[in-house]
1. May I ask you to give the solvent-accessible area per residue for the range 1-58, in square angstrom, as obtained with a 1.4 angstrom probe?
2. Mind running the shape call on the range 85-152? Use the C-alpha gyration tensor, a ≥ b ≥ c as the square roots of the eigenvalues: rounded below 1.5 for a/c, prolate if a/b tops b/c, oblate otherwise.
3. Beta carbons within 10 angstrom, averaged per residue: use that to sort the peptides 59-68, 208-217, highest first.
4. Defining a contact as two alpha carbons under 8 Å apart and six or more residues distant in sequence, what relative contact order in percent does the chain show?
5. If you count only protein heavy atoms with a 1.4 Å probe, what accessible area per residue comes out for the range 97-214, rounded to a whole Å²?
6. With the full set of protein chains in place, find how many percent of the accessible area of the range 36-177 is carbon and sulfur; take the probe as 1.4 Å.
7. For the chain, modelled as a GNM with alpha-carbon contacts under 10 angstrom, which of T164, T14, T54 fluctuates the most?
8. So, with a 1.4 angstrom probe, what is the percent of accessible area on the range 190-236 that is carbon and sulfur?
Amino acid sequence: MTDHIQISTQDRVTFLTIARPDKKNAITQDMYAAMAKAIEDYDRTDEARAFIITGEGDMFTAGNDLQDFSTDDSGDAEPPVARFLRAVRDCEKPLIAAVNGPAIGVGLTMLLHCDLVYAARSATFGAPFVKLGLVPEAASSLLLPAAVGMAVANDILLAGRTLTADEAVSFGLVARVFADDELASAVQKIGQHVAASAPNALKFSKQLIRGNRTEIEQQMEDEAKLFVAQLKSPDFRESVAAMMEKRQPVYA
């Protein structure tokens, strides 16, 4: 579906690499569709028992490709980004993130649905939705406060704070931090360990750890309605125009 999403499987571990380094691994709707399909295939087959998401180069992802989103014509159909977030949320098998660099927007919020999150020392974490005229997504307005505390979550979501890797691990957003040149091999070993574990025990343990997901599903629905509305707002149009023109946005 797109050359910007690279997928391979080795020793029952599937690797998904966001590979658009010339655009800071910004994700288009076509890329979301490919990512969603990869996770759905992983969840319903037994080819792999662990799934690792990472980015190419020195960036995890800059988040949504705003120009692509500003011209979205999906109409009433489920947008690929929604399909991807649902796939991440509902996946019954282990999802692992190897955050190799800055994780912005959905780069941060998808981590809240991953079971194991590891970061390179150079990784940073930010969610500049408000600056872009948008609102949080992927139930991050619920899950981020639960993960890092309300004060820090507000600092990130409302004031635009960017966390370092050390801050992310201290707040519990990340499990461990590795040297940049050690991250890939370290997470591969973890993935192989997970893949060799009893699959049903992993599945049931994940269910128990995550508990009732009804509130998360409802939060995602509420966020999505506001997010779609904001995509059509003057604020978002101004943020995209400012980015294209390399200037600061001026909101009415």
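1. On the way: 2770 Å² over 58 residues.
Dividing the accessible area of the range 1-58 by its residue count gives 48 Å².
2. Numbers: a/c = 1.58, a/b = 1.16, b/c = 1.36.
Oblate, because a/c is 1.5 or more while a/b does not exceed b/c.
3. Numbers: 59-68: 22.3, 208-217: 11.1.
In decreasing order of mean packing, 59-68, 208-217 become 59-68, 208-217.
4. Numbers: 456 pairs, mean separation 45.8, N = 252.
This gives 18 percent for the chain.
5. 43 Å²
6. Percent of accessible area from carbon and sulfur atoms in the range 36-177: 51.
7. Ranking T164, T14, T54 by mean-square fluctuation puts T164 first.
8. 59 percent
The values are calculated or read from the model by the stated rules, or taken from the named source; none is laboratory data. Given the structure is predicted, the values throughout are model-derived calculations rather than measurements. Note: ideal-geometry Cβ built from the backbone for every residue, glycine included; neighbour counts use all protein chains shown. These area figures cover heavy atoms from the full protein model, side chains too; ligands, DNA and RNA do not enter into them. Shrake-Rupley method; radii C 1.70, N 1.55, O 1.52, S 1.80 Å.
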